[in-house]
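Structure first, commentary second.
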Amino acid sequence: MRRPFALLAGVLLAGACALPASAADGGSPGDQGFTIKDPKITESSGLAASRLHPGVYWTHNDSDDGPYIYAVDSRTGKTVATVTLRGIGSPRDVEAISVGPDDQIYVGDIGDNLGGKWPYVWIYRLPEPKVLEDRTVTATQYVVKYSDGPRNAESMVVDPKTGRVYIIDKNEDGGHLYEGPERLSASGANIFRPVAPVDLWATDAALSPNGRQLAVRGYFGGIYYDWNGGRIKREGRLNVPLQGQGESVSYSPDGTRLLFGSEGADSAVQAQDAPEGAATASESPSASGSSAPGGGSGGLGGGGNVTTGAVVVAVGVAVLFGVRRLRRRGRG
């Protein structure tokens, strides 16, 4: 618990925290942010933009739910499809979701609230439904082990070009990017090996659709890397909005925006301009944002115009929500 309070104190003293700025008009559906209105989604822990359905984002609950993922229409905040995963057993701690090549959805059952006690975790893969309706889909289940022993993780990405899966473990003092085998195998264990340090207490990550940039978020900040096929190089800081329990991040389909989600009922998904270099060839980053480290509006390192009172209220809400949940579930 000491680290979150220390970080919050630093934020207040530096005056670097700001409430997220209002999104600019225009852009593709969903890249301006939205609120998840489904009462069944109270612990949204992962977020991924649909490749087949514009304006739709996939999410899931953390634990104590079941083998479900939800398609949320960002224009209304309502769930337009609930997909039940068949043939995978009972999920333990689902923490991440990503869409890979060939419109395949990957679900990371990779959390470990015991701090790294489970000898293995799982990844599930299923095709993204072409029609959005409640349905049951057969998923492939993969067993995951780490070369250096069990660990807790909440971040998983799939390279949009190669389909290779990567995991970032969750460690208060910083973790590592773990690289999976070239192709996951449904028979036997898939060994993930550390390939690079990640300087953050990571709660989620996302790869830009063009495969050039990795965004990693934590509770109180974020960083982004040049991807280069998993050979990452740190580029700068992200403008992460202050949220009660910041657990998810996704690029917009065109790569111009980053969307940050939080757990809780009626949770808000807030948008920021993505750093330069994440946009697809046919798009360019918004001129209203800054790609420089610490630039932009809203979030840590931002220069938004809010009163000190508003900042204190936001921090107070974040602390109360986070402390209650951390005590209840023993997280972090």
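The values are calculated or read from the model by the stated rules, or taken from the named source; none is laboratory data. In this text, all values refer to a predicted model and were calculated from it rather than measured experimentally. Cβ coordinates were reconstructed from backbone atoms using ideal geometry, including for glycine residues, and neighbour counts include every protein chain displayed.
Taking the residues in region 218-241 that are among the aliphatic types (A, V, I, L, M) and surrounded by 24 or more Cβ atoms within 10 Å (Cβ to Cβ) as candidates, determine which candidate is farthest from S208 (Cα to Cα). The residue in question is V240. Name the residues in region 181-195 that are over 12 Å from G229 (Cα atoms), surrounded by fewer than 24 Cβ atoms within 10 Å (Cβ to Cβ) and of a type outside the set (K, R), would you? Residues satisfying the conditions are P181, L184, S185, A186, S187, G188, A189, N190, I191, P194. Selection of region 206-241 for residues being over 18 Å from D273 (Cβ atoms) and either in a strand (DSSP E or B) or touching a His at 6+ places or on another chain (Cβ under 6 Å) (or both) yields K233, R234. Scanning region 169-206 for residues that are farther than 14 Å from I223 by Cβ and in contact with a Ser or Thr (Cβ under 9 Å, 6 or more places away or on another chain) returns D169, K170, Y178, E182, L184, A186, I191, F192, R193, P194.
Scanning region 161-184 for residues that are farther than 12 Å from Y106 by Cα and touching a helix residue (DSSP H, G or I) at 6+ places or on another chain (Cβ under 9 Å) returns K161, T162, E172, D173, L177, E179. Just need a number here: residues in region 171-198 that are closer than 18 Å to G116 by Cα and among the hydroxyl-bearing types (S, T, Y). Total meeting the criteria: 1. Within region 134-175, the only residue that satisfies the criterion of being of a type in the set (D, E), within 15 Å of the chain's Cα centre (by Cα) and not in a strand (DSSP E or B) is D159.
The rows are residues; the columns are (1) at pLDDT 95 or above; (2) touching a Gly at 6+ places or on another chain (Cβ under 8 Å).
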site	(1), (2)
R212	yes, yes
A215	yes, yes
Y225	yes, no
I232	yes, no
V249	yes, yes
R257	yes, yes
D273	yes, yes
T280	no, yes
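T84 meets all of the listed conditions (1) within 20 Å of I36 (Cβ to Cβ); (2) of a type in the set (S, T, Y); (3) touching a residue at least 60 places away in the same chain (Cβ under 8 Å) but one, namely (3).
Got at least one residue in region 179-193 being of a type in the set (D, E, K, R) and under 25 Å from V83 (Cβ atoms)? Checked against the condition, which is being of a type in the set (D, E, K, R) and under 25 Å from V83 (Cβ atoms), region 179-193 yields at least one hit.
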